[in-house]
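Read the figures in this text as sums done on the coordinates, not as results from a lab. For clarity, every value in this text was computed on a predicted model and none was experimentally measured. Cβ sites come from the backbone with ideal geometry, for glycine too, and all protein chains shown count toward neighbours.
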Amino acid sequence: MTKANTAYGQSPTGGIAQRIKGLFSRSGRMTVQASRVASVDHISPDFTLIRLEGELFKAGQWTAGDKIQLAVAPGPVGRTYTPLSWNKQRGVAEVLVYLHGDAPGCEWARRLTAGQDLQIVGPRSSIALNALEPTTILFGDETCFGLALALHNLPGAGDVRYIFEVGDAVQADSVLSSLGLRGALLYERLPDDHHLETIGSEWARLANGARSLVLAGKASSIQFIQRVNKTSSARIVQVKTKAYWAPGKTGLG
Ligand SMILES: Cc1cc2nc3c(=O)[nH]c(=O)nc-3n(C[C@H](O)[C@H](O)[C@H](O)COP(=O)(O)OP(=O)(O)OC[C@H]3O[C@@H](n4cnc5c(N)ncnc54)[C@H](O)[C@@H]3O)c2cc1C
C-alpha cells in the first residue's frame, strides 16, 4: 500500500498533484491518500457496496456521518460518499453507492473491481451523528442509506426513525435489511413529489416525541421537510441538514 500524502495548500508538485488540487480546490487544504478496493458487491440492481482498505483508515479520525471524496474518473473527477462503517483496527471502511443513472460515480461503481488502487480525500465532517438527542428522525433517500447505516451502527444512538423517499421500495427494503437496518418507512416517489405531501400530512404523527432531525439527500426535499417541521405541532428543534444532490448539479461535496 502506498500513501501519497499530498498536502494541498502547501506545495503540491507534479502533474497528478496539480490536477487533484484543482479537483478538490473547493475543499481547501486537504490530503489525498492512496487506498485499495478490497471488495465490490453489487448487492442489488441499483446499489453497490464497496469495501476500501488502507493505512488512512487506521490513522484517520472518523466520526459517524463524515464524508470521503473518491477520485472516480480521470481528470480526476471527485465524488462524495458516506462511509457506513469504519474499522480502525483493520483499516477498512465501506461505502454504499446508489446507481441513479449514467453519471461518472455510477459508471465507476459499476466497473470497479477488487484490487484497484483509489485516491481518497477525507474523512471530513458533514453531519455529526454522535451529537444527536434521541429520539432521532433521519429523512433522506437512496444516497443516504450509508448515512443511515452509520447511525444504525453507532453505539448509543438510541431510538431512530428512518424515513426515506425511494424509487423502488421493495429493492430499498431488501438492501437495507441485508445490511441490518429493518423497519425503515419507505415512500415511493410520485409525480410532482406528491409523496412528500403525504409525508407532510403525516408529520405530526411521524415526529411525535422526537428531539432531533437529520435531513439529507435531495436539496428540494430537505427544504420541503424543513418547512413542514417548522410549522408542525410536533416541531423538532435540533435539525441537521446536508444536501447530497440537486437536479442538474454535479459532484456536490
Ligand atoms: C456529504 C455527501 C455524502 C454523500 N454520500 C453518498 C453515499 O454514501 N452514497 C451515494 O450513493 N451518494 C452519496 N452522496 C451523493 C452523491 O455524491 C451524488 O449523488 C453525486 O451526484 C453522485 O455522483 P455521480 O457522478 O453519480 O452524479 P453527478 O455527475 O454528480 O450528477 C449527474 C446528474 O445526476 C443527478 N443526480 C445526482 N444524484 C442523483 C440521485 N441520487 N438521483 C437522481 N439524480 C441524481 C445530478 O443532479 C446531475 O444532474 C453524497 C453526497 C454528499 C454531498
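Taking Cα centre as origin and charging only the Cβ of basic (Lys, Arg, +1) and acidic (Asp, Glu, -1) residues, the dipole magnitude of segment 131-181 rounds to 160 debye.
Mean projected area of the Cα convex hull of segment 186-246, taken over all directions, amounts to 4.1 nm².
Calculated from the alpha-carbon coordinates, the chain shows an Rg and a Dmax of 18.3, 58 Å respectively. One chain, two ends: residue 117 and residue 88. Fully extended at 0.36 nm per residue, the span grows by 8.5 nm beyond their Cα-Cα distance. Decide, for segment 106-253, between rounded, prolate and oblate: order the square roots of the alpha carbon gyration tensor eigenvalues as a ≥ b ≥ c, take rounded if a/c falls under 1.5, and otherwise choose prolate if a/b is larger than b/c, else oblate. In terms of gyration-tensor shape, prolate. The length gained by stretching the chain between residue 41 and residue 178 to full extension, at 0.36 nm per residue less their Cα-Cα distance, is 48.1 nm.
Under the convention that each Lys and Arg Cβ holds +1 and each Asp and Glu Cβ holds -1, the size of the dipole of the chain around its Cα centre is about 1040 debye. Applying the criteria of a DSSP loop state and at most 13 other Cβ atoms within 10 Å to the trypsin sites (Lys or Arg not before Pro) of segment 86-126 yields 88, 90. Subtracting the Cα-Cα distance of residue 223 and residue 153 from 0.36 nm times their residue separation leaves 22.5 nm of extension gain. Of all DSSP beta bridges in the chain, what percent run antiparallel (nearest 5)? In the chain, approximately 60 percent of DSSP beta bridges are antiparallel ones. Let me test this: with uniform point scatterers at the alpha carbons of segment 49-142, what is the Debye-based log₁₀ I(q)/I(0) at q = 0.16 1/Å? The Cα Debye sum returns log10 ratios of -0.71. For segment 174-203, backbone nitrogen atoms closer than 19 Å to the point 7 Å from residue 100 Cα along Cα-to-C-beta are found at 175-176, 186-197.
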